[in-house]
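K.L.:
Here it is, the structure in full.
The values are calculated or read from the model by the stated rules, or taken from the named source; none is laboratory data. From a predicted model like this one, the values you see are computed outputs, not experimental measurements. For neighbour counting, all protein chains shown are included, and Cβ atoms are generated from backbone atoms with ideal geometry for every residue, glycine included.
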Amino acid sequence: MSKLLTKHIYGDIIKIEDYFRSLKKPYKVQSTNYSTVIQNDNEKYIISPSYIGFGFMNLLSKLKKEINIVIKENEIEDKKVRWFNYNQDYFNDSDGSMITLEVDISKAYLYSAYYQKFISKEYFEHLLRLKKSTRIKLLGSLASKKRIFYYNELGIKINEEIKKNDDYIKIWNNICFGVDSYMNELTLINGYNKFIFYWFDNLFMNISQSEFNPIHTNYILKYSTNMLNYKWDYINLLNINIENRNFNFRRIY
């Protein structure tokens with residue numbers, strides 16, 4: 001077999017698949033949240049919104065190496081992640097608006113992974129210097145599911161499968177659970193009656209910036225605060241709008 005030719009492109013997936021179909025050779029399509037790979041025995045096209053270079057792949061390889069050591073040495077318990085929570089007392093009316101304090105936790109998932117000893121200090125400090133999108137892509141890859149579709153020489157799908165790593169998914173759930181736990185502890189420290197809702201790593205409370213208490217027993221995290229106006233409607237689903245950002249508590253499932 002000749003050497004596989006790999007190309008990174010940002011083109012139209014449909015057109016690229018049409019090209020592979022025109023070759024009259026069996027091919028497969030692999031899809032994740034971050035990229036799509038179309039290949040046969042001779043050519044491989046990687047289509048993604050941004051370039052996935054050797055630097056990123058090297059970091060991903062190091063992450064999996066460290067995670068594999070953790071999995072080998074520990075029994076990882078799976079965790080039920082909530083992702084969000086809200087105080088029904090603030091949403092008894094069908095709609096409304098108020099001024100709220102937003103607490104934005106900086107690099108919450110990276111810190112969670114580090115404090116739970118899923119990654120080394122060296123790797124943690126390296127990721128601290130990277131942009132947010134790269135950090136999220138790296139850690140989020142632990143929960144990725146690869147959907148693979150196989151086609152014959154006529155371009156007809158003959159098989160499909162889903163590949164995932166259950167142990168990696170458990171690690172990712174534990175990382176997210178750590179952020180959930182932090183949000184819940186901040187809620188208790190500052191008073192549940194002041195708690196409005198949290199969404200991933202953003203907490204919203206009915207207090208001023210000076211009243212907010214960031215103390216946490218396990219994590220030392222950086223955060224920023226803003227006073228914002230939010231509106232909500234609660235009919236068949238709870239939808240909150242904050243400065244042109246929408247938080248839909250039903251859609252997440």
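K.L.:
Say we look at segment 121-167 and pick out the residues that are among the polar types (S, T, N, Q) and over 22 Å from the mean Cα position of the chain (by Cα); which of these is nearest to Tyr19 (Cα to Cα)?
P.N.:
So the residue we want is Asn152.
K.L.:
Same structure again: Confirm whether Lys80 is part of a loop (DSSP other than H, G, I, E, B), loosely packed, with under 13 Cβ neighbours inside 10 Å and not hydroxyl-bearing (Ser, Thr, Tyr). Spell out how you get there, then give the answer.
P.N.:
Details: part of a loop (DSSP other than H, G, I, E, B): yes; loosely packed, with under 13 Cβ neighbours inside 10 Å: yes; not hydroxyl-bearing (Ser, Thr, Tyr): yes.
So Lys80 fits the description; yes.
K.L.:
Quick one: count up the residues across segment 13-47 that are surrounded by 15 or more Cβ atoms within 10 Å (Cβ to Cβ) and in contact with a Phe, Trp or Tyr (Cβ under 9 Å, 6 or more places away or on another chain).
P.N.:
Result for segment 13-47: 18.
K.L.:
Within segment 103-117, identify whether any single residue is surrounded by fewer than 15 Cβ atoms within 10 Å (Cβ to Cβ), farther than 20 Å from Thr36 by Cα and either of a type in the set (S, T, N, Q) or in contact with a strand residue (DSSP E or B) (Cβ under 6 Å, 6 or more places away or on another chain) (or both), and answer yes or no.
P.N.:
Yes, segment 103-117 contains at least one residue that is surrounded by fewer than 15 Cβ atoms within 10 Å (Cβ to Cβ), farther than 20 Å from Thr36 by Cα and either of a type in the set (S, T, N, Q) or in contact with a strand residue (DSSP E or B) (Cβ under 6 Å, 6 or more places away or on another chain) (or both).
K.L.:
Okay, next question. Taking the condition of being basic (Lys, Arg) and touching a Lys or Arg at 6+ places or on another chain (Cβ under 7 Å), how many residues in segment 136-159 meet it?
P.N.:
In the first step, residues of segment 136-159 are kept if they are basic (Lys, Arg); the result is 137, 145-147, 157.
In the following step, the residues that additionally are touching a Lys or Arg at 6+ places or on another chain (Cβ under 7 Å) were identified as 145-146.
Residues that pass the stated criteria total 2.
K.L.:
So if I check each of Lys145, Lys170, Lys163, which one is touching a residue at least 12 places away in the same chain (Cβ under 8 Å) and surrounded by 16 or more Cβ atoms within 10 Å (Cβ to Cβ)?
P.N.:
Going through Lys145, Lys170, Lys163 in turn, just one is touching a residue at least 12 places away in the same chain (Cβ under 8 Å) and surrounded by 16 or more Cβ atoms within 10 Å (Cβ to Cβ): Lys170.
K.L.:
Between a first residue in segment 108-127 that is basic (Lys, Arg) and a second residue that is part of a helix (DSSP H, G or I) and surrounded by 19 or more Cβ atoms within 10 Å (Cβ to Cβ), which pairs have beta carbons less than 8 Å apart while being 6 or more apart in sequence or on different chains?
P.N.:
Taking only residues 6 or more apart or on different chains, the pairs are Lys121/Tyr114.
K.L.:
Shifting gears a bit: I want to confirm something. Restricting to segment 15-62 and keeping residues that are assigned to a loop (DSSP other than H, G, I, E, B) and of a type in the set (Phe, Trp, Tyr), which single residue is modelled with the highest pLDDT?
P.N.:
My answer is Tyr34.
K.L.:
For segment 183-204: of the residues being within 12 Å of Arg82 (Cα to Cα) and surrounded by fewer than 19 Cβ atoms within 10 Å (Cβ to Cβ), which is nearest to the chain's Cα centre (by Cα)?
P.N.:
My answer is Phe200.
K.L.:
On the given criteria, is Tyr150 surrounded by fewer than 16 Cβ atoms within 10 Å (Cβ to Cβ), aromatic (Phe, Trp, Tyr) and out of contact with any His (no Cβ under 8 Å at 6 or more places or on another chain)?
P.N.:
Yes.
K.L.:
Limited to segment 65-77, what total is found for residues that are closer than 21 Å to Lys164 by Cβ, of a type in the set (D, E, K, R) and surrounded by fewer than 15 Cβ atoms within 10 Å (Cβ to Cβ)?
P.N.:
Going through segment 65-77 one residue at a time, the tally reaches 4.
K.L.:
Which one of Phe54, Phe84 is under 21 Å from Ser112 (Cβ atoms) and among the aromatic types (Phe, Trp, Tyr)?
P.N.:
Only one candidate qualifies: Phe84.
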